[in-house]
Amino acid sequence: MNPHAAKPYHTADPIFMPLDEESSAPLDLPLDSLLDIPDYDPTWFNIDPEVYDDNNTNSCGFIPNLHIVDEVDRDRFKLTTETSSGTPVSMTGAMNSIDSMTGVTTDSNMWALGDQLRTSARITDEREHEMAYLIRHFTETLAPWLDLFDNDNHFQHIVPLRALGDALLRNAIAAVAAKQLGRVKGVKPFLGLQCQRPATMEIIGDALPIDWFYKAANYYDKAIAFSRMYLDALSGSLSQPASPNTQTTLSVANSDDLLVAVSIFSLYESLDNREVGWSQHLGGLKSLLTAIRTNQQEQSQLQSQITSGRKASFWNFARGDYQAAYINRRMTYLDTGDLALWRNCGLELQDNGALYAEPASIKGDSQHPQRTAQLVAHTLLWVVLGVTNYCALESGYSSAVQQVTWDRLTSQLDQWYSMLPGTFQPCARIRHIPFQQQVVVGNTNMQLTEVFFSIDSCAAALHLYHFARILLLLNKPRDQKGVSRLKAYREVSTDAIKHARAIISIALGRPHPAVRVEMLLPLYIAGGCLEIDDERRIVLQVMKAIGQDTGCSTEVTVRSLVDEWGWNQEPEGID
């Protein structure tokens, strides 16, 4: 195998060998000659992905129990010092491991170019190109998904800058970007005809295919390794007594980086399986949030305004929390009754049950439309978590308690919807006309429209509103005296279908991908309410299109809907 052909799968630094000017390998030295070099391990150039997946130490496993440090990270991974993010890192163990493996006497200049193959410069260039490509792809494509309810766009604007000096964030970003590229088969289309050629950092690869999944696993492995270092450093700083010193500042900065990284890890996992992806890290994220908050309270340092990174991570956590809780039929990690927590994160919840401090100013606010839209969207998320918890109530609860809870949540949704500002109105609406090959021509039962919103968070909030309404309707207490069960069922069915069509209309308007990936669970619930087969087919088409365009897995959800409808198989012609 040509060693240069393996570079797309290169995942680690070369094994260090004692080389002098006479014995240094030429740049294009044939593989047979390389095999004659003492201490050279040819398997390093040909690591099979299955071998990587079975290895629990580092990316390639050539140094047991030692995590890989990429060449791109070398200048920031310094000996017996701190990374630029403030996390203490000691390389004593790493140096000893390398000494025992290679017999090379190392000193403080162990990363010197004189100790590397001449291909190191080329590998470094390729890695820097690859990292630039992945960071840009994350910033342009994936960060908006995480910033859906964040006007500050922390993941899009700040996190890539933080990653310049933070190996944890840099590798986490590269991991999720590579994973998403793998799921869409590397497709990154340019919109329309362009007069200017794409920048070099927008293009990568040559004739050889790129195994993005393998690269993603490699970057993910390194990101997890760095996260463990941060956790060790942070756990030490949290145990320190309160004092106005540098350590306290470092603990806040590192905890923000960890929270951001865990949000990215959750997105990484959810690309394969949104049904369980968020569940992988929610427990750890909640523990980290609790630890930081408790520590600050004990030190009397709880600020009225939390950092932008922590706030952005919190609202991502809330979005993942309601989805994982509903899918797993459990209570949410976040306590909706802890009003102090939610107020600290920006809500205006009042003790008397009001959602806003000045309700009248919300509906008529024309001075700060985006800020108001964010507050309204965040408030709905809080209500949705409450609805999710209601659906998870154990059967042991009395019907009276369930009725009181149902009435309270219904009133909150009524209050929320009645005070919507003008920004939550669609700026374009037309009747949906399906393609002839997809739906039977002349179908008069079709009652779907296409709507488009100028603010993405407004579109996302409204589909969540209809989603919450459906959940309450489907879980309405049945103990209603004087009302026939058949009549009650028909009323629920009619209202549920109305809200289901509203969700589908938003999806048919093809909003921003950040909104589309958030719609998979609401679309599933909406599809379960439909009774017309043509409308059901449209739901399947929309869901599969979301999967193909964004890389988010939809196979399980589509199959579940087909089974729920009692269809023997998925209809033909649905791409």
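A Förster distance of 41 Å, applied to the separation of the beta-carbon atoms of residue 128 and residue 556, puts the FRET efficiency at 0.65. Pull out a ≥ b ≥ c, the square roots of the eigenvalues of the alpha-carbon gyration tensor of region 319-388, then state rounded if a/c is under 1.5, prolate if not and a/b is larger than b/c, and oblate in the remaining case. Because a/c hits 1.5 or more and a/b exceeds b/c, region 319-388 counts as prolate.
Each residue of region 178-183 was assigned a 3J(HN,Hα) from its phi angle through the Karplus curve 6.51 cos²θ - 1.76 cosθ + 1.60 (θ = phi - 60°); the sequence is 5, 4, 5, 4, x, 6 Hz, with glycine and proline shown as x. For residue 153, no residue has an amide H sitting under 5 Å from its own, ignoring neighbours fewer than 5 places away on the same chain, with H placed 1.01 Å from N. If R0 is taken as 35 Å, the Cβ-Cβ distance between residue 357 and residue 498 corresponds to a FRET efficiency of 0.65.
Classify region 504-547 from the C-alpha gyration tensor, please: rounded if a/c falls under 1.5, else prolate or oblate depending on whether a/b exceeds b/c. Taking the square roots of the gyration eigenvalues as a ≥ b ≥ c, region 504-547 is prolate. Listed peptides 351-358, 158-165 appear in the order 158-165, 351-358 once ranked by packing, highest mean of other Cβ atoms within 10 Å at the front. At an R0 of 60 angstrom, the distance between the Cβ atoms of residue 187 and residue 340 translates into a FRET efficiency of 0.85. In this simple spin-label model, placing a label point 7 Å from the Cα along the Cα-to-Cβ direction at both residue 393 and residue 545 gives a separation of 3.9 nm.
The modelled label-to-label distance for the pair residue 433/residue 367, using points 7 Å beyond Cα in the direction of Cβ, is 4.6 nm. Distance between the pseudo-spin-label points of residue 136 and residue 534 (7 Å out from Cα toward the beta carbon): 4.6 nm. Each Lys or Arg adds one and each Asp or Glu takes one away; over the other residues whose Cβ falls under 11 Å from the Cβ of residue 450, this sums to +3.
At most 16 other Cβ atoms within 10 Å and a DSSP loop assignment: could you name the chymotrypsin sites (Phe, Trp or Tyr not before Pro) in region 159-228 that fit? Of the chymotrypsin sites (Phe, Trp or Tyr not before Pro), the ones in loops of region 159-228 whose Cβ has at most 16 other Cβ atoms within 10 Å are 190.
State which entries of 188/222; 215/311; 188/544; 185/544; 185/311; 222/311 exceed 23 angstrom in Cα-Cα distance in the structure shown. Listed pairs above 23 Å: 188/222; 215/311; 185/311; 222/311.
Read-outs throughout are calculated quantities, based only on the coordinates presented, and are distinct from any laboratory measurement. Computed from a prediction, not measured in an experiment: that's the story for all the values here. Cβ sites come from the backbone with ideal geometry, for glycine too, and all protein chains shown count toward neighbours.
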